[in-house]
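The values are calculated or read from the model by the stated rules, or taken from the named source; none is laboratory data. If you're wondering where the values come from, they're calculated on a predicted model, not measured in any experiment. Heads up, the Cβs are rebuilt from the backbone with ideal geometry, glycines too, and the neighbour counts pull from every protein chain shown.
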Amino acid sequence: MYKIVIVDDEAIVSRGLSEKVNWQEMNCTVVATASNGQEGKEVIEKVRPDIVISDIKMPGMNGLELAEYIRGQYPDIITILLSGYSDFEFARTAMRHQVFDYLLKPIEIADLKACILKAIDKMQSHTPMIGDAERENLDILESGMIMNLIVNGNRELENTVKKMKECGIKVTSGQIVVFELYEASDPSYAEYASIYQFAVNNIVTETYRLFDMNTTIVNFEGKSVVVVKTDASIQEIIMQRRVLEATTLCLENVSTYLKKQVSVGIGSSFRGMEQICDSFQQALKMLDIQLFWGLHKPEPFSGSAIAQVNTLMDPRLTESILEGDYNEAKFYWEVFASNIKALRNKSAALNSCLDFLIGLSKHVPQGEAKNQITQAITEITGLRTFNEYCSVISRIIIRVCDEMNRRKEVERARSLSDRIILYLDTHYSDALLNLQYIADTFHVSASHVSRLFKKEKGINFNEYLTVLRVEKAKEMLNSSQRHTVQEIANNVGFMDGKYFGQVFKKYYGITPSEYKEKTSIKCS
């Protein structure tokens, strides 16, 4: 019987495949299940199955990483991967040369049976695989030696060249091309990064093969480092053009199959192993430029220095931000960003953005907006693309504009409240004076005036006006001038003397007459 191992982090899937499929009729048996790639790796080493069925998306070691391990260690084992709908297309591309087949979840039993029978038919055909295994081991060995060269430079060159000769590995001429799929704006990208890299590697390998170019690919810090091997007998400039043409098609194919934009850097041609590290460093520099500016068109390496150009910022950018005019600030920022981008100089871009933020910070009052500018100055130095710079600065422009508008609103509110209070101080005697009267006089809503007094004075408008009137009445009662209670009531805006007396007593505990008598006794 053929031994089957099922690897899936969903127990219901593993159990369903184990129990609902009639494995016996296909001369198969499920010998083990595992809940993740690492556990699956241990099970495979122990039971040595004929077929492994594994999910792609699992914690720890995912399905593609497990497939790569199986391919390197047990090339006779057939691997079938399961993929969810959301990642099916790019997973299929990634798996093109990594596994025997792939199935889309939820799994149809009929499709699974057909896939298993096809795998059994392949095993029964006794297709010799030893040549493939040897080729695989040689590729792995070559990748390791290339990795040593790009990481350590030429420090171990002599030893590496000797080992490559012993293994029959020849890399006499070519170019280093470095690809990177960087998705800063996609929070889910990191979760699928290894699968995307598998996909990019396979697309790149196939594309260069169309141009009769052999490649060796090394995964280095999230980048695909491709050694494109060229014919040393062909003129160098011709081969460079062919590599450029093939690389351009690589980008188009990645965009078509993965619906993603990949950045690329092309190093200069190398003639001999001692030049590989230099070509790699040059490719990294070109990749950095391409990635930073968001370019997706390969350019050959140029060793010429980039001219330093001073970028002049229109002072109206800062002025419009401090005025809180977002639309105008946005316009001047886009002009400034366009001027920076035209330089194609990362250092100039960073310095220009930092100078702008530092200059803006000097004009912004202490507060949350100023704190965010300080944080942005630190943040921007760790970013990799100009688009990320722009996102940070756009966020700061919005935040500062909001802050400045809020402050202006507070100042306007204070100014309005001060004007109303001054008006009340000189017109409190007007019996018609009330909330709506003030609102009409100052061309604002009554509710706005009410909120303003509650916020600024802690009491509502009517309460403030009443307190003002009785305090003025008290001053008149304290004066040496003789006024009747009714006269005082009329002078402070009360038409009804009796009502005035009730209000006065509410605040001072005695009637106006009693208060007047009390003050007269003190004076005598």
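Look through Tyr515, Tyr464 and report the one residue that is buried (at least 18 other Cβ atoms within 10 Å of the Cβ) and at pLDDT below 90.
Tyr515
So which of Lys474, Lys506, Lys454 ends up being touching a helix residue (DSSP H, G or I) at 6+ places or on another chain (Cβ under 9 Å), crowded, with 16+ Cβ neighbours inside 10 Å and basic (Lys, Arg)?
Lys474
When residues of the range 375-428 are filtered for being among the aliphatic types (A, V, I, L, M) and exposed (fewer than 14 other Cβ atoms within 10 Å of the Cβ), how many remain?
Counting residues in the range 375-428 that are among the aliphatic types (A, V, I, L, M) and exposed (fewer than 14 other Cβ atoms within 10 Å of the Cβ) gives 2.
Does at least one position in the range 2-10 carry a residue that is assigned by TED's automatic domain parsing to the domain that holds Val99 and in a helix (DSSP H, G or I)?
No - not one qualifying residue is present in the range 2-10.
Answer yes if at least one residue in the range 34-42 is in a helix (DSSP H, G or I) and of a type in the set (A, V, I, L, M), and no otherwise.
No.
When you scan the range 363-370, do you find a residue that is modelled with pLDDT under 90, within 30 Å of Glu245 (Cα to Cα) and not assigned by TED's automatic domain parsing to the domain that holds Thr160, even just one?
No; the residues of the range 363-370 include none that is modelled with pLDDT under 90, within 30 Å of Glu245 (Cα to Cα) and not assigned by TED's automatic domain parsing to the domain that holds Thr160.
Output the number of the condition that Met147 fails; it satisfies all remaining conditions of (1) modelled with pLDDT of 80 or more; (2) crowded, with 18+ Cβ neighbours inside 10 Å.
Of the numbered conditions (1) modelled with pLDDT of 80 or more; (2) crowded, with 18+ Cβ neighbours inside 10 Å, the odd one out for Met147 is (2).
Does Val467 satisfy the condition of being more than 30 Å from Ile373 (Cβ to Cβ) and in the same structural domain as Asn491 (by TED's automatic domain parsing)?
Yes: the conditions hold for Val467.
What do you reckon, is Tyr182 surrounded by 14 or more Cβ atoms within 10 Å (Cβ to Cβ) and without any contact (Cβ under 8 Å) to a residue 24 or more places away in the chain?
Here the answer is no, as Tyr182 does not meet what is asked.
When the residues of the range 119-144 are filtered to those that are acidic (Asp, Glu) and at pLDDT 75 or above, which remaining residue is surrounded by the fewest Cβ atoms within 10 Å (Cβ to Cβ)?
Checking each candidate, the answer is Asp121.
Which of the residues spanning the range 293-327 are within 24 Å of Leu354 (Cβ to Cβ), modelled with pLDDT under 90 and either surrounded by 17 or more Cβ atoms within 10 Å (Cβ to Cβ) or touching a His at 6+ places or on another chain (Cβ under 6 Å) (or both)?
Those that are within 24 Å of Leu354 (Cβ to Cβ), modelled with pLDDT under 90 and either surrounded by 17 or more Cβ atoms within 10 Å (Cβ to Cβ) or touching a His at 6+ places or on another chain (Cβ under 6 Å) (or both): Trp293, Thr311, Met313.
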